[in-house]
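What follows is a set of notes on a single structure, which appears directly below.
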Amino acid sequence: MSSINIHRAKWVLPIVQPPIENGAVAVANGKIVRVGTYDNLKEKGIQGKTIDHGEGVLMPALVNAHTHLELSALTGLKADNFVAWLKQVIEGKFSLHETIRKSAERLSYQILKQTGTGLIGNIKNSPEAAPASEVKEVSFFEFLGFNKETAIKRWPIWEEYLKKYPEALPAAHAPYSVHPAFLQKIKQIADERKQIFSIHIAESEAEVEFLLSGRGPLYDLLTEKGFWAEDFTPPQRRPIAYLASLGLLSPRTLCVHCVEVNEEDVSTLQKCGAKICLCPRSNAYLGLKDAPWPLFKKSGLLLCLGTDSLASNTDLNLFNEMVFLLEKNAFSASELLEMATWRGSLALGQGNYFGTMFPGAHADLLFIPLPNKTTLSALAETVIYTGAKGNIRWVEDGTTAG
């Protein structure tokens, strides 16, 4: 058997069970072997080199369940409304030089690592392999094509990418940017492959207006850019109901944003078992409403967190996402840590392998130094605020890396 490192700290935060004082995590071959109190591991006969990290907490790396690293060069976009911002993104992507795009993308991977993220759900539009990175990635290859003729032309390229990179997951951009027939085809492929299907949904009032009436700012943008589909008939349904009518909601559907959601929509999501990724700072950046957090919290739906892109956020620090929601009194600190770790892994189809300390999980661990005498009741909140300040160290190669 390979050598075991026993990482010890004042606190261990397994996420899936209560915090452990004088805790320890046994690691071998990059996987977690056992978690418990230090004394318990010794009593169980776990032998190995002990690394005592001291006053602070050992916890799993964060899981950013939704981001667009390909948009990292489009920083500083600001608009009075969502559709005006979307127009800037479309124009910015077309004018962006590939060298600049890739350089900004590489830097974003580094920033994610520095801020404690170990796994991301990354939306891709460029048909190329993900770059080598220390951050593990679930890649979603996103399809866009609201006009049916355009969608037919783009489909073979999109489908060929998924065949070339079978680990990539199918994604549709949004109900106003993908023809309904292709929304169903994308979900069908995801179901056949037993993979997660991701879609931006219920993000803005403009989206609701468009689906109910076929008019409004999104119609204006689609016609201006030559994307309008003459065969599109407004479903006269709200976004979540529209997805349900097309058979797109299931336990393997990841609904991103879910701002314009009411009680009936929540009931639909519950029945289908769909999962939700909240990107609250992105919504605030674009002047959108807050998602109905109390409604979600009461519903029992699986919630996770994403930063979205640097085109609609000031940074990619998931600790800052937690601080934002904590200061809104939307969730408790413990709930937020769970949303930013284990629940993100579940939403990305990675089960218990990331964002937790189950035996067999990847040993992607953070150590966060904490003030002396941090109490159990203040632990989760202190972890979030300390992490947001950047006081994070990765546990690597049997030591704590700065």
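Residue check: is TRP11 among the aromatic types (Phe, Trp, Tyr) and not assigned by TED's automatic domain parsing to the domain that holds GLU137? Yes, satisfied.
Go through region 325-349 and give me each residue that's touching a strand residue (DSSP E or B) at 6+ places or on another chain (Cβ under 8 Å) and charged (D, E, K, R). Passing the criteria: only ARG343.
Checked against the criterion of being closer than 24 Å to TRP85 by Cα and among the aromatic types (Phe, Trp, Tyr), region 162-178 has at least one qualifying residue.
In region 371-391, the residues that are over 15 Å from VAL12 (Cβ atoms) form Cβ pairs under 7 Å with partners that are assigned to a helix (DSSP H, G or I) and of a type in the set (Phe, Trp, Tyr), at six or more places apart or across chains, as follows: ILE384/PHE319; GLY387/PHE319; ALA388/PHE319. Just a yes or no: is a residue in region 30-50 of a type in the set (S, T, N, Q), surrounded by fewer than 21 Cβ atoms within 10 Å (Cβ to Cβ) and either outside the structural domain of ARG393 (by TED's automatic domain parsing) or within 17 Å of TRP394 (Cβ to Cβ) (or both)? No, every residue in region 30-50 fails to be of a type in the set (S, T, N, Q), surrounded by fewer than 21 Cβ atoms within 10 Å (Cβ to Cβ) and either outside the structural domain of ARG393 (by TED's automatic domain parsing) or within 17 Å of TRP394 (Cβ to Cβ) (or both).
Inspection of region 23-35 finds no residue satisfying the criterion of being in contact with a strand residue (DSSP E or B) (Cβ under 7 Å, 6 or more places away or on another chain), under 24 Å from ILE384 (Cα atoms) and charged (D, E, K, R). The residues in region 129-140 that are part of a strand (DSSP E or B) and in contact with a Ser or Thr (Cβ under 9 Å, 6 or more places away or on another chain) can be counted, and the count is 1. Taking the criterion of being assigned to a helix (DSSP H, G or I) and within 30 Å of PRO292 (Cβ to Cβ), the residues of region 158-187 that qualify are PRO180, PHE182, LEU183, GLN184, ILE186, LYS187.
Yes/no per residue for (1) among the aliphatic types (A, V, I, L, M); (2) modelled with pLDDT under 95; (3) not assigned by TED's automatic domain parsing to the domain that holds CYS279:
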| site | (1), (2), (3) |
| --- | --- |
| HIS66 | no, no, no |
| SER72 | no, no, no |
| ILE100 | yes, no, no |
| LYS124 | no, no, no |
| GLU134 | no, yes, no |
| PHE146 | no, no, no |
| ARG154 | no, no, no |
| GLU159 | no, no, no |
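I'm trying to understand the selection: among the residues of region 67-125, which are buried (at least 16 other Cβ atoms within 10 Å of the Cβ) and among the aromatic types (Phe, Trp, Tyr)? Residues satisfying the conditions are PHE82, TRP85, TYR109. In region 259-277, the residues that are more than 22 Å from GLY121 (Cα to Cα) reach residues that are outside any loop (DSSP other than H, G, I, E, B) and among the polar types (S, T, N, Q) with C-beta atoms within less than 7 angstrom, at least six apart or across chains, in these pairs: VAL266/SER299; GLN270/SER299. If you go through region 209-221 and keep only what is surrounded by 19 or more Cβ atoms within 10 Å (Cβ to Cβ) and either under 22 Å from ALA181 (Cβ atoms) or in contact with a Lys or Arg (Cβ under 7 Å, 6 or more places away or on another chain) (or both), you end up with PHE210, LEU211, LEU218, TYR219, LEU221. For region 278-298, the candidate set comprises residues that are of a type in the set (Gly, Ala, Ser) and in contact (Cβ under 8 Å) with a residue 40 or more places away in the chain; within that set, the residue that is nearest to LEU316 (Cα to Cα) is ALA284. For region 189-204, the tally of residues that are touching a Pro at 6+ places or on another chain (Cβ under 9 Å) and free of Cβ contacts under 8 Å to residues at least 60 places away in the same chain stands at 6. The strands (runs of 3 or more DSSP E) found entirely in region 12-128 that carry 1 or more residues being more than 23 Å from MET322 (Cα to Cα) are 20-28, 31-37, 49-52, 117-124.
Could you tell me whether any residue of region 78-96 is modelled with pLDDT under 95, among the small types (Gly, Ala, Ser) and either touching a Ser or Thr at 6+ places or on another chain (Cβ under 6 Å) or outside the structural domain of ALA171 (by TED's automatic domain parsing) (or both)? Within region 78-96 (the criterion being modelled with pLDDT under 95, among the small types (Gly, Ala, Ser) and either touching a Ser or Thr at 6+ places or on another chain (Cβ under 6 Å) or outside the structural domain of ALA171 (by TED's automatic domain parsing) (or both)), the answer is no, since none of the residues qualifies. Scanning region 212-249 for residues that are in contact with a Cys (Cβ under 9 Å, 6 or more places away or on another chain) and without any contact (Cβ under 8 Å) to a residue 60 or more places away in the chain turns up ILE240, ALA244, LEU249.
The values are calculated or read from the model by the stated rules, or taken from the named source; none is laboratory data. Here the structure is a predicted model, which means the values were calculated and not measured. Quick reminder, even Gly has a Cβ in these numbers, built from the backbone with ideal geometry, and neighbours come from all protein chains shown.
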